[in-house]
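J.: Dropping the structure in here first, questions after.
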Amino acid sequence: MMDNLPPKVQNQIAQFQQLAQQIQMITSQKLQFDAQVRELDKAIAELDKAGDAVVYRNIGSLMIQSKDNAVLATELKDQKETLEVRVKTLDRQDKQLRERHQGLQEQITKALNVPSPEGEGDEKPKAG
């Protein structure tokens, strides 16, 4: 069927599929970052509860005792802030990609003369 389509429509379909993959990838990254933010929130809350207790941190495959809980808390908050900025950036990218995806879908639909799902173009007269 793709062979019967004009090159422009074939190109639009390829772009449409590529955008769908990019949206999926961004959604996956966003979910990972969101999970990391929640994990950091829990770590920060537990660190606040710990007070002056001995705290360890993971560095690679080692656990090292933290010398200063306040410094560790600051580092965790900085990491969280960085991830939140990344999530916002991914949100913006996701929105832009979805808008382009929607626009391409409309262009492809028009090019293929496929009736829209809303039922526009029905030739049946409406009772009224």
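J.: For residue 50, which of the numbered conditions (1) modelled with pLDDT under 90; (2) more than 30 Å from residue 7 (Cβ to Cβ); (3) surrounded by fewer than 13 Cβ atoms within 10 Å (Cβ to Cβ) fails to hold?
T.: Just one mismatch for residue 50, condition (3).
J.: Still on this structure, I have one more. Evaluate the stretch 7-20: report whether one residue or more is closer than 30 Å to residue 105 by Cα and of a type in the set (Lys, Arg).
T.: Yes: one or more hits.
J.: Pairs under 9 Å by beta carbon, first residue in contact (Cβ under 8 Å) with a residue 40 or more places away in the chain and farther than 18 Å from residue 24 by Cβ in the stretch 96-109, partner surrounded by 15 or more Cβ atoms within 10 Å (Cβ to Cβ) and of a type in the set (A, V, I, L, M, F, W, C), six or more apart or different chains?
T.: Partner pairs satisfying both residue conditions: 107/9; 107/16; 108/9; 108/13; 108/16.
J.: Could you go through the stretch 26-34 and let me know if any residue there is out of contact with any helix residue (DSSP H, G or I) (no Cβ under 6 Å at 6 or more places or on another chain) and outside any helix (DSSP H, G or I).
T.: No.
J.: Within the stretch 49-62, is there a residue that is in a helix (DSSP H, G or I) and not aromatic (Phe, Trp, Tyr)?
T.: yes
J.: Can I ask one more? Got a sec? Which of 25, 2 is under 24 Å from residue 107 (Cα atoms), at pLDDT 95 or above and of a type outside the set (Lys, Arg)?
T.: Sole residue among the options that is under 24 Å from residue 107 (Cα atoms), at pLDDT 95 or above and of a type outside the set (Lys, Arg): 25.
J.: So which pairs qualify, if the first residue must be in the stretch 56-77 and at negative phi and surrounded by 10 or more Cβ atoms within 10 Å (Cβ to Cβ), the second must be among the small types (Gly, Ala, Ser) and not in a helix (DSSP H, G or I), the Cβ gap must be under 7 Å, and the two must be at least 6 apart or on different chains?
T.: 56/66; 57/66; 72/66
J.: Out of 90, 83, 72, report the one residue that is in contact with a helix residue (DSSP H, G or I) (Cβ under 9 Å, 6 or more places away or on another chain), at pLDDT below 95 and among the aliphatic types (A, V, I, L, M).
T.: Every option except 72 fails the conditions.
J.: Further question: Criterion first (in a loop (DSSP other than H, G, I, E, B) and either touching a residue at least 40 places away in the same chain (Cβ under 8 Å) or not acidic (Asp, Glu) (or both)) does residue 80 satisfy it?
T.: no
The values are calculated or read from the model by the stated rules, or taken from the named source; none is laboratory data. Being a predicted model, the structure only gives us computed values, none of them experimental. Because the Cβ atoms are built from the backbone with ideal geometry, glycine has one as well, and the counts that use them run over all protein chains shown.
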